[in-house]
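Please read the structure below before turning to the comments.
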Amino acid sequence: MPIPRSAVLKLLHLLLLTPAHARLRYWGAMALFALIVIIGSIPGARADAAEVASGVVLHSCAYAVLTFLIFTGSTGTPPQRASKAVLTIAAMGFIDEAVQSFLPYRHGAFGDWMVDCSAAVITSSLLWALWTNRKVAT
């Protein structure tokens, strides 16, 4: 018997938008970032991922998801949440590129960091605009 669509949407709403799971989303972003750095440090992992998508696509998607989790996992007004998310992503991107620069088979790239920051700014801006009109209790 299939699960009703309304039940799935209600569950996603509860997990992704309500304050009840904000802390889980925030720490989930930290765990996901650690996983990204660890997997990115495995020799050959980046080359395998390049067969599926380019570095720009991978960085954009990964850091947009991290931005969403940090924004929705933070407290404060939408501008405060957006600022926290962008600054946190800038620091995460810097750490990611710094770790890569120490690996002999990888290299840190300023362009990758800029893609990370751009994804954070775009995602935070969209969330800021949508968050002010949302109907979820804060």
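The values are calculated or read from the model by the stated rules, or taken from the named source; none is laboratory data. Just so you know, these numbers come straight off a predicted model, no measurement behind them. Virtual Cβ from ideal backbone geometry, glycine too; neighbours counted across all protein chains shown.
If I go through region 77-93 residue by residue, how many of them are over 16 Å from the mean Cα position of the chain (by Cα) and without any contact (Cβ under 8 Å) to a residue 24 or more places away in the chain? Count: 2.
Just need a number here: residues in region 16-65 that are hydroxyl-bearing (Ser, Thr, Tyr) and at pLDDT 80 or above. Summing the residues that are hydroxyl-bearing (Ser, Thr, Tyr) and at pLDDT 80 or above in region 16-65 gives 4. Considering only residues in region 52-76 that are of a type in the set (A, V, I, L, M) and in contact (Cβ under 8 Å) with a residue 24 or more places away in the chain, the one that is surrounded by the most Cβ atoms within 10 Å (Cβ to Cβ) turns out to be ILE70. Looking only at region 101-119, decide whether some residue is among the hydrophobic types (A, V, I, L, M, F, W, C), within 23 Å of ALA22 (Cβ to Cβ) and part of a helix (DSSP H, G or I). Checked region 101-119: at least one residue is among the hydrophobic types (A, V, I, L, M, F, W, C), within 23 Å of ALA22 (Cβ to Cβ) and part of a helix (DSSP H, G or I). State the number of residues belonging to region 82-134 that are more than 18 Å from VAL56 (Cβ to Cβ), out of contact with any Leu (no Cβ under 9 Å at 6 or more places or on another chain) and modelled with pLDDT of 85 or more. Selection size over region 82-134: 17. Among residues of region 77-114 being within 19 Å of MET30 (Cα to Cα) and among the β-branched types (Val, Ile, Thr), the one that is surrounded by the fewest Cβ atoms within 10 Å (Cβ to Cβ) is ILE95.
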